[in-house]
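Coordinate-derived values only; no laboratory data. Predicted model only: the values in this text are computed from it and were never measured. Because the Cβ atoms are built from the backbone with ideal geometry, glycine has one as well, and the counts that use them run over all protein chains shown.
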Amino acid sequence: MNIALIGYGKMGKIIEQIALGRGHQVPLKIDLNNLDECTTDNLRTCDVAIEFTGPHSAFDNVMKGLKAGIPVVCGSTGWLEKYSEVTDFCQQADGSFLYASNFSIGVNIFFELNRVLAEMMANQNGYDVRMTEIHHTQKKDAPSGTAITLAEQILEKITRKTKWVNEASSDADALSIESIREDPAPGTHTIVYDSAVDSIEIRHTAHNRNGFATGAVLAAEFLNGKKGVYSMKDVLSIR
């Protein structure tokens, strides 16, 4: 495939290495120095676009790719208030779109463990639940998109929690997410259920960015030639 990389920072460069290693080409690479090259005509020369920029530019970039008629894989977080607008347009335009807050295979398995554990703990009122996420200091959003996904899974199952807050909190209704920024830290997410007699903890720790990049390329390979809106569950055949 010919892949357009929209966002050519640290993650984009690793995605390029993974893509080339899997036999793909990356003829279009967009960063802050060549934004004028992110045109419909240039995007149409590619089979798929992978978008990894940030919360302020992701929506416009995704829409540009969809309007160019190519599949778009998006890993930017912090823009999801416009997610339904993207998916509605994608379906109307008979396009292809896949968003994930985290493309790591391990993290997506972790999502499923989190969901199952939350369901098991739903009626265990003696346990309180809290979360911690640790990322590098260049991480632009807090909590991370991965942490928000985990939190929303917990809130869906544990109805005694009505909201998440990005701070340590004694509010019994709130799911506390503590965000820590330190270097080096590719990403660690921890969920702890505490009671008076014991604790249950699950954790995912990334050792580097390669897992995220590999997952993004797998998503692009999956999306190529398809129509519709997909997720990493579809890529990994998780039901």
Taking only C-alpha pairs under 8 Å that are 6+ residues apart, what is the relative contact order of the stretch 105-205 in percent? 35
Rounded to the nearest 0.05, what FRET efficiency do K227 and I202 give with R0 = 30 Å and r taken as the Cβ-Cβ distance? Could you check? 0.25
Of all DSSP beta bridges in the chain, antiparallel share, percent nearest 5: 35
Once you keep just the Cα pairs under 8 angstrom separated by 6 or more residues, what percentage relative contact order results for the chain? 22
Given the C-alpha centroids of the stretch 1-37 and the stretch 205-235, what is the distance between them in whole angstrom? 15
For the stretch 129-222, share of DSSP beta bridges that run antiparallel, in % to the nearest 5: 60
Long-range HN-HN contacts of S96 with modeled amide H, under 5 Å: V72, G228
In whole Hz, the Karplus estimates of ³J(HN,Hα) for the stretch 153-161 (6.51, -1.76, 1.60; θ = phi - 60°; x where Gly or Pro) are 4, 5, 4, 5, 9, 9, 6, 6, 9
Using a Förster radius of 30 Å, what is the FRET efficiency between K157 and L20 based on their Cβ-Cβ separation? Nearest 0.05, please. 0.15
Note: F89 to I109 extended length (0.36 nm per residue) minus current alpha-carbon separation gives 4.3 nm
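For M120 and N33, calculate 0.36 nm times their separation in residues minus their Cα-Cα distance, and state this gained length in nm to one decimal.
Residue separation times 0.36 nm, minus the Cα-Cα distance, leaves 26.4 nm.
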